[in-house]
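A short write-up of the structure that comes next.
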Amino acid sequence: MKSATLFRDRPCAQPDAAITAASALPMLVIHPGDVVCVNEGTTVQTLLGSCVAICMVDAGHTVGAMCHYVHCASPRPGHDKDATFAEVAMQRMFAELRSRGVDPRACEAYVCGGGAMRLQGLEGAPSVGSRNVAWARQFLAAQGVLTHEVSVGGGACYRKVHWRVGQGAPVVRVLPIEGKS
């Protein structure tokens with residue numbers, strides 16, 4: 001059985017020292033455009049702004065996958081393998097789950113992130129974060145996946161996602177942006 005598969009072009013960053021010290025279990029830190037599929041007991045961490053992370057776990061809570069996407073729009077021509085686009089990230093995540101004998105539609109999903117990281121002058125437009133969360137809701141509903149939201153939307157903030165596969169929902173810590181209230 002595979003222990004972990006990570007789709008990316010760069011090595012994983014180091015996880016928080018406090019969390020690493022508390023756990024001898026495997027840990028991965030993922031970044032925008034990463035897709036990872038791991039076994040029970042592995043911890044996956046990421047940091048979100050307007051991006052969204054989707055965590056999926058099989059019914060037995062033995063295999064989990066996480067993606068971190070930036071764009072809910074369809075990929076531009078020539079970017080059909082770029083998992084910063086939600087559609088590509090979910091295709092990869094579903095393929096990896098299937099390669100381990102897991103039907104993604106039988107999984108439970110957790111959606112995190114999608115903060116309103118607005119640019120000045122765009123106050124009337126829906127935020128990138130709200131569009132990213134709406135895409136996740138629509139996509140997962142269309143697939144018939146049971147979905148839970150964990151700390152989605154809201155104002156400008158960062159969210160640190162910490163998920164140990166097999167132990168329920170991810171833990172999300174909201175971090176204020178310096179200079180913003």
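FYI, it's all coordinate maths here, none of it is from the lab. Please read all numbers here as calculations on a predicted model, not as lab measurements. Heads up, the Cβs are rebuilt from the backbone with ideal geometry, glycines too, and the neighbour counts pull from every protein chain shown.
Quick rundown of the values:
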{"read-out": "Segment residue 40-residue 99, length gained on full extension (0.36 nm per residue, minus Cα span)", "value": "19.6 nm"}
{"read-out": "Cβ-defined net charge surrounding residue 57, 9 Å radius [Lys, Arg +1; Asp, Glu -1]", "value": "-3"}
{"read-out": "Separation in nanometres of the label points that stand 7 Å from Cα toward Cβ, at residue 59 and residue 162", "value": "3.2 nm"}
{"read-out": "Computed lengthening from residue 143 to residue 106, 0.36 nm per intervening residue step minus Cα-Cα distance", "value": "12.4 nm"}
